[in-house]
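Structure first, commentary second.
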Amino acid sequence: MDLRDFRHCLGSFATGVTVVTCSTGEGKHGLTANSFTSVSMEPPLILVSVDRKTKACSYLQDNAFAVNILRGGQEALAMHFAGRPNEELELKWQDGEYAPYLADSLAVIECVPWQAYDGGDHVLYLGEVKQYRFEQGEALGFYTGQFFTVPMLARV
């Protein structure tokens, strides 16, 4: 299988953009992830998929975390946590009840560890949702390797 071609195929699926944050003895950490999904309503569970080769993968093992859903216009924040640090970027951290989160996020979902699964070159972390908050607004999307803004639509 041509892995580069397969990656392009997967890029045909438009996603939102999140930053998964947690705290360790070394401080607050985050990683950009678009592999995020809801799993269950009862109990409330979500899933994030994290590359095994990243430091963040080990930070999430048996650790509470927050999923920060980014707003349109937060591309610099996404890139910062995707391994392209921007020292000039002002990070506005908030201490959540379970995990630190980014104050300017469109939505935040705080979780405690539920289960971790082998996902090949990734680890699939399931978190039990303990707390969440969200606002109305435009979201940051990702499609075919590019960011775009998802317009806010009227709720039906």
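The values are calculated or read from the model by the stated rules, or taken from the named source; none is laboratory data. Since the model is a prediction, treat every value here as computed from it, not as a measurement. Cβ sites come from the backbone with ideal geometry, for glycine too, and all protein chains shown count toward neighbours.
The number of residues in the stretch 1-36 being outside any helix (DSSP H, G or I) and loosely packed, with under 10 Cβ neighbours inside 10 Å comes to 6. Answer yes or no as to whether residue 118 is over 14 Å from the mean Cα position of the chain (by Cα), surrounded by fewer than 11 Cβ atoms within 10 Å (Cβ to Cβ) and within 15 Å of residue 30 (Cβ to Cβ). No.
The condition of being out of contact with any Lys or Arg (no Cβ under 6 Å at 6 or more places or on another chain) and either over 22 Å from residue 130 (Cβ atoms) or not in a strand (DSSP E or B) (or both) holds for residue 78.
Looking at 107, 76, just one residue is more than 12 Å from residue 30 (Cα to Cα), modelled with pLDDT of 95 or more and in contact with a Leu (Cβ under 7 Å, 6 or more places away or on another chain), and that residue is 76. For first residues located in the stretch 18-34 and touching a residue at least 60 places away in the same chain (Cβ under 8 Å) and over 10 Å from residue 78 (Cβ atoms), partners that are among the basic types (Lys, Arg) and surrounded by fewer than 18 Cβ atoms within 10 Å (Cβ to Cβ) and lie 6+ apart or on another chain with Cβ distances below 8 Å form the pairs 21/28; 22/28. Just one of the listed residues (136, 131) is assigned to a strand (DSSP E or B) and either crowded, with 16+ Cβ neighbours inside 10 Å or without any contact (Cβ under 8 Å) to a residue 40 or more places away in the chain (or both), namely 131.
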